[in-house]
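K.L.:
What follows is a structure written as structure tokens; I'll ask about it next.
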Amino acid sequence: MGWFFSSQSRAELIAELIEPYETARARVKIIAHAMRGNVLWSVAEMTAKAEGAHQGLAPGQSVRYIRCDLLKKSGNEWGYKPMDETAHPYYYTCPLRYLDMAPEVSREWRECVRAHHARRRATTDARAA
């Protein structure tokens with residue numbers, strides 16, 4: 001996927017990315033979100049309105065997934081690059097609690113997220129000692 005840019009401010013772009021939305025096939029709402037630098041992490045909940053909204057999801061059923069939106073400024077515009085866990089984004093600052101909020105899709109990516117947080121804890125503990 002590519003980048004999407006608009007003349008919005010960073011704050012306006014973030015507000016738009018975490019706002020609920022609907023398509024003909026599904027409703028999506030963000031149930032948790034956090035910024036880590038210019039990475040917007042969120043847990044999205046998709047509820048199918050029709051067949052084909054998501055593989056194996058019948059109308060009325062829901063699934064949660066972890067999103068990773070990279071944010072970047074270019075000139076006077078802010079843009080984002082949307083990804084989710086299925087893409088194994090090479091970013092590992094996802095809040096650990098989000099891993100418990102959505103079913104596992106990429107074991108390898110989640111192991112990298114846990115390793116990232118373990119290294120941070122070890123560094124913090126070493127500084128405190």
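K.L.:
I need every pair where a residue in region 56-69 that is under 14 Å from Pro103 (Cα atoms) has its Cβ under 9 Å from the Cβ of a residue that is surrounded by fewer than 17 Cβ atoms within 10 Å (Cβ to Cβ) and small (Gly, Ala, Ser), sequence separation at least 6 or different chains.
P.N.:
Note: pairs meeting the criteria are Val63/Gly56.
K.L.:
Additional query: Could you go through region 31-46 and let me know if any residue there is surrounded by fewer than 16 Cβ atoms within 10 Å (Cβ to Cβ) and modelled with pLDDT under 95. Steps first, please.
P.N.:
Within region 31-46, the first condition is being surrounded by fewer than 16 Cβ atoms within 10 Å (Cβ to Cβ), and the residues that meet it are 31, 34-38.
Still in the list and also modelled with pLDDT under 95: none.
Checked region 31-46: no residue is surrounded by fewer than 16 Cβ atoms within 10 Å (Cβ to Cβ) and modelled with pLDDT under 95.
K.L.:
Please go through region 1-51 and pick out each residue that is assigned to a loop (DSSP other than H, G, I, E, B), touching a residue at least 40 places away in the same chain (Cβ under 8 Å) and of a type in the set (Ser, Thr, Tyr).
P.N.:
Kept after step one, since they are assigned to a loop (DSSP other than H, G, I, E, B), are these residues of region 1-51: 1-3, 7-9, 18-20, 23-25, 37-38, 49-51.
Okay, now just the ones that are also touching a residue at least 40 places away in the same chain (Cβ under 8 Å), so 1-3, 7-9, 37.
Scanning region 1-51 gives Ser7, Ser9.
K.L.:
Got a number for residues in region 68-113 being acidic (Asp, Glu) and either touching a strand residue (DSSP E or B) at 6+ places or on another chain (Cβ under 8 Å) or at pLDDT below 95 (or both)? Steps first, please.
P.N.:
At the first step, the residues of region 68-113 found to be acidic (Asp, Glu) are 69, 77, 84-85, 100, 104, 108, 111.
Adding the requirement that they be either touching a strand residue (DSSP E or B) at 6+ places or on another chain (Cβ under 8 Å) or at pLDDT below 95 (or both) leaves 69, 77, 84-85.
Total meeting the criteria: 4.
The values are calculated or read from the model by the stated rules, or taken from the named source; none is laboratory data. A quick note: this is a predicted structure, and the numbers were derived from the prediction, not measured. Every residue, glycine as well, gets a Cβ built from its backbone with ideal geometry; the counts of neighbours run over all protein chains shown.
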